[in-house]
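K.L.:
Structure in structure tokens, see below.
Each reported figure results from applying straightforward, stated rules to the coordinates on display, with no laboratory input. Keep in mind that this is a model prediction, so the values were computed, not measured. Virtual Cβ from ideal backbone geometry, glycine too; neighbours counted across all protein chains shown.
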Amino acid sequence: MSIFRLGDQRPPEPQRIADGVVMRFEHVYEVDPALMELTGQQDVPAWDTKRIVDARWDHLDWMHDHFADDVLLAGEGSETMPEEGH
Amino acid sequence: MSVAFKSAVDDSVVDELRAIIGDDDRVLPNLSSRVNRTRVPAPFPVHRWAEFMPDVAVLPTTAQEVSEVVKLANRLLIPVVPRAGGTGLSDGAVPVRGGILVDVKLMNGIHEVDLVDRTVTVGPGINMLKLNEELKRHDVFYPDDPASYPCSLVGGRIGTGGWSLLGARFGHTRDNVISMEIVLPTGDIVEIGEGGGRKLRKSSTAFNLKQLFTGHQGTLGICTEATLELVPRPEVEFAAFFAFDDYMKAWETVGVLTKAGLATLAGVVLFDEWKIAYLRRDDEAYITQPDSVRAVVAVAMYGTRAEVEPASKVVMRLGRSRGGKYLGDEISAGDWASRHDRYATPLHGRSKEGQAVLMSWHCEDAALNYSVLPQVREEWHAIVARYAERYGILDDWGMFAYTNGANKPWGDYLVEIDVGIWEERLDDENWAGWVNCKREISEVTLKHGGSITACHGATREGDAELVPTEMGGAWEVVKAIKRTLDPNNIMNPGKQSLDEAYEESLT
């Protein structure tokens, strides 16, 4: 049985990016801890957060593959968030 | 009186079941097996869980075993509840009077893949995701795609008359089941298809019984085998999400897109202001969107590259024709992929004070015409707001409207309002309040000429008592069919107000 330790994998302090939402890693959003008084959260080391986020992309690719051979894209970025458009 | 009631299962019945099944490991009277076979994603009042358990669960592997179990139940007037994946959203597979639960998930084989006449014959316990993983090497596809795609099973889809995310392109469950083997409430085993054909898509012989046995919510029999449609595996998929600063512009855009005559269009979905506000809480695609994003229209297409590529350009033009702004490739492709698997979404909501709390997901669905969507949306949200204020355990998670017609996506929509319920605070008073809320939502649906369910089934209180009203004069036909096929009311009794079919025999 292993017990994970935060150690130097302790996530950085959160930055507020919207009402009720904070961010510790780029594009990884969390509910504001101030809203989590009734529902406790466990500590998650940085490596585990990154593993979960990376796995989400694998999951979405895996799901795409169930329905078609290829994903056709419009080839356009966001029009609502131009700074993220490509 | 000859109708089935609760708790006629004793040790002698369990012994008879063991003799029929011939394997004690597949006859399960123990508590944990029964508790687990009651669990559903949007539960009955969980504080009264014990009221919704079967007396015994069985896991048959053949139609003959199912038949013998049903004959036993019919002889002793014991309720029988069929269950596949248990992923339904209105307790269709939840016993309300105990009895024998027939769990079909061991009947999960692929019996035949016919690449000449384009069918696949399977047991009811197979999952669509797993089935399609097998079919992929043949370059074919079974196109039934609920939001529970990774976990729901073919038998449950047939029992509930399931709705598919890809229905506008490929049809829904009832359109993709070609024939079935059914164990009737008397225990007789019959083939149900188009006329007498097992692999025919159209017949005019006798009555069209196939539709009767897709969507009866387990009240008319148990499917033990199904022959399903095979379609060519799509070469490409294309998804595009458009944002709007106003709901009505988004609604108009949905109308334009669905009436454009694009044959590869698989679905168009409209998220309203409440849904976007909910997503802003913790969905990474929406958290950082500007306040001007107040409604979203999502489009998905499937087919050959030769079809989809030019059609995608039409979608991009029409999606912007009423002020829509493209959300970008990353959100469009990623969010669409996540739509196949909504049951993996962590379920939490907000208390009245804004605190994050664990909530279960309850969704009221309806079938409604395009013309009434804006008005229904206002009335439904007003109802939920009133009950949320009064009881303090409800959280409005917003509405969506999704193309509903198989191959004809323009006229009517699956409409759903998602509501979080704070289960830890649930008690009889709060539950009664929620049931009243559901009933008011359904009454609005009927007032606007809709149907109180497009896919989940009207099997739970709050909906069930309105089924006779919705069916009108046809309710007498429904009752006559139920009484004829299930003379002792053993098959999933207590659902959809069908007990009314037996009232004359009670007096």
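K.L.:
Counting other C-beta atoms within 10 Å, which of B:C437, B:C151 has the fewest, and how do the rest follow?
P.N.:
B:C151, B:C437
K.L.:
If you take every residue apart from A:V53 with its C-beta less than 12 Å away from the C-beta of A:V53, what net charge results, scoring Lys and Arg +1 and Asp and Glu -1?
P.N.:
That works out to -2.
K.L.:
Using a cut-off of under 17 Å, list every residue of the stretch B:209-224 whose amide N is near the label point 7 Å from the Cα of B:A480 along the Cα-to-beta-carbon line.
P.N.:
B:209, B:212, by backbone N distance to the label point.
K.L.:
On to the next question. Over the Cα atoms of the stretch B:177-278, what radius of gyration and what Dmax do you get, in Å?
P.N.:
In order Rg, Dmax, the Cα atoms of the stretch B:177-278 give 20.4, 58 Å.
K.L.:
Out of all DSSP beta bridges in the protein assembly as shown, what portion is antiparallel? Express it as a percent rounded to 5.
P.N.:
85 percent
K.L.:
Something else about it: Going by average Cβ density within 10 Å per residue, which order do the peptides B:385-391, B:404-410, A:41-47 take, highest to lowest?
P.N.:
Ranking, from highest mean packing down: B:404-410, B:385-391, A:41-47.
K.L.:
Order of B:64-75, B:267-278, B:34-45 by packing, highest average Cβ count within 10 Å first?
P.N.:
B:267-278, B:64-75, B:34-45
K.L.:
Quote the FRET efficiency, to the nearest 0.05, computed for B:L200 versus A:A34 with a Förster distance R0 of 56 Å and r equal to the Cβ-Cβ distance.
P.N.:
Values: r = 62 Å, r/R0 = 1.11.
Once rounded, the FRET efficiency stands at 0.35.
K.L.:
Continuing with the same structure: Can you grab the distance from the C-alpha centre of the stretch B:310-351 to the C-alpha centre of the stretch A:35-86, Å, no decimals?
P.N.:
Their Cα centres are 13 Å away from one another.
K.L.:
Based on the Cα gyration tensor of chain B, what are the three equivalent ellipsoid semi-axes, each the root of five times an eigenvalue, rounded to whole Å and given largest first?
P.N.:
37, 28, 20
K.L.:
First measure r as the distance between the Cβ atoms of B:D283 and B:E133, then evaluate 1/(1 + (r/R0)^6) with R0 = 25 Å and state the FRET efficiency to the nearest 0.05.
P.N.:
The formula returns an efficiency of 0.35 here.
K.L.:
Over the protein assembly as shown, what portion of Cα pair distances is larger than 40 Å, expressed as a whole percent? Write out the running numbers ahead of the final one.
P.N.:
Values: 48491 of 175528 pairs.
Roughly 28 percent, rounded to a whole number.
K.L.:
Same structure, new question: Given a Förster distance of 25 angstrom, what is the FRET efficiency for A:F25 paired with A:H59, based on the Cβ-Cβ distance and rounded to 0.05? Write out the running numbers ahead of the final one.
P.N.:
On the way: r = 18 Å, r/R0 = 0.74.
The computed FRET efficiency comes out at 0.85.
K.L.:
Work through the residues other than B:F400 whose Cβ is under 9 Å from its Cβ and net out their charges, Lys, Arg +1 and Asp, Glu -1.
P.N.:
Summing Lys and Arg as +1 and Asp and Glu as -1 gives -2.
K.L.:
For the stretch B:23-28, what does the Karplus curve 6.51 cos²θ - 1.76 cosθ + 1.60, with θ = phi - 60°, yield as ³J(HN,Hα) per residue in whole Hz, taken in order and with x for Gly and Pro?
P.N.:
8, 4, 6, 10, 10, 10
K.L.:
Something else about it: Lys and Arg at +1, Asp and Glu at -1: add these up for the other residues within a Cβ distance under 11 Å of B:G167 and post the number.
P.N.:
0
K.L.:
Something else: Please report B:H448, B:H216 as a ranked list, fewest other C-beta atoms within 10 angstrom at the top and most at the bottom.
P.N.:
Ranking B:H448, B:H216 by Cβ neighbours within 10 Å, fewest first, gives B:H448, B:H216.
K.L.:
Return the sequence-ordered ³J(HN,Hα) values of the stretch B:399-415 in whole Hz as given by the Karplus equation 6.51 cos²θ - 1.76 cosθ + 1.60 applied to θ = phi - 60°, using x for Gly and Pro.
P.N.:
10, 9, 10, 10, 3, 10, x, 5, 6, 9, x, 8, x, 9, 9, 6, 10
K.L.:
Per residue of B:323-334, what is the mean number of Cβ atoms on other protein chains within 10 angstrom of that residue's Cβ?
P.N.:
On the way: counts 0, 1, 4, 7, 6, 11, 10, 5, 5, 5, 7, 7.
For this peptide, the per-residue mean of nearby foreign Cβ atoms is 6.
K.L.:
Provide a whole-number value for the mean count of partner chain Cβ atoms within 10 Å of the Cβ atoms in peptide B:280-293.
P.N.:
4
K.L.:
Compute the normalised compactness of the stretch B:11-103: alpha-carbon radius of gyration over 2.2 N^0.38 Å, N being the residue count.
P.N.:
In units of the globular-protein estimate, the stretch B:11-103 measures up at 1.03.
K.L.:
Using just the helices of the protein assembly as shown, give the 222 nm mean residue ellipticity in deg cm²/dmol: DSSP H runs with n ≥ 4 each add -39,500 (n - 2.57), and the total is spread over all residues, rounded to 500.
P.N.:
-9000 deg cm²/dmol
K.L.:
How do the peptides B:471-480, B:365-374 rank, highest first, by the average count of neighbouring beta carbon atoms within 10 Å per residue? Please list the in-between numbers first.
P.N.:
Working: B:471-480: 13.0, B:365-374: 19.5.
Per-residue Cβ counts within 10 Å, averaged per peptide and sorted highest first, yield B:365-374, B:471-480.
K.L.:
Out of all DSSP beta bridges in the stretch B:1-140, what portion is antiparallel? Express it as a percent rounded to 5.
P.N.:
45 percent
K.L.:
Over all Cα pairs of the stretch B:329-449, how is the pair count split among 5 Å bins, expressed in % and running from 0 up to the last occupied bin?
P.N.:
Pair shares across the bins are 2, 10, 19, 20, 17, 16, 10, 5, 1, 0.
K.L.:
Still on this model: For A:56-68, what's the mean count of beta carbons from other chains sitting within 10 Å of each residue's beta carbon? Don't skip to the end; give the middle numbers.
P.N.:
Details: counts 4, 2, 0, 4, 8, 3, 1, 10, 7, 3, 12, 17, 12.
The per-residue average across the peptide is 6.
K.L.:
So between B:I110 and B:K71, what do we pick up on full extension, going 0.36 nm a residue minus the alpha carbon distance?
P.N.:
11.4 nm
K.L.:
Once you charge only the Cβ atoms, +1 for Lys and Arg and -1 for Asp and Glu, what is the size of the charge dipole of the stretch B:11-103 about its Cα centre, to the nearest 20 debye?
P.N.:
Using Cβ point charges on Lys, Arg, Asp and Glu, the stretch B:11-103 gives about 360 debye.
K.L.:
Given B:P468, B:Y326, B:G88, which one lies farthest toward the positive end of the charge dipole of chain B, if we put +1 on the Cβ of every Lys and Arg and -1 on the Cβ of every Asp and Glu?
P.N.:
Value computed over the given set: B:Y326.
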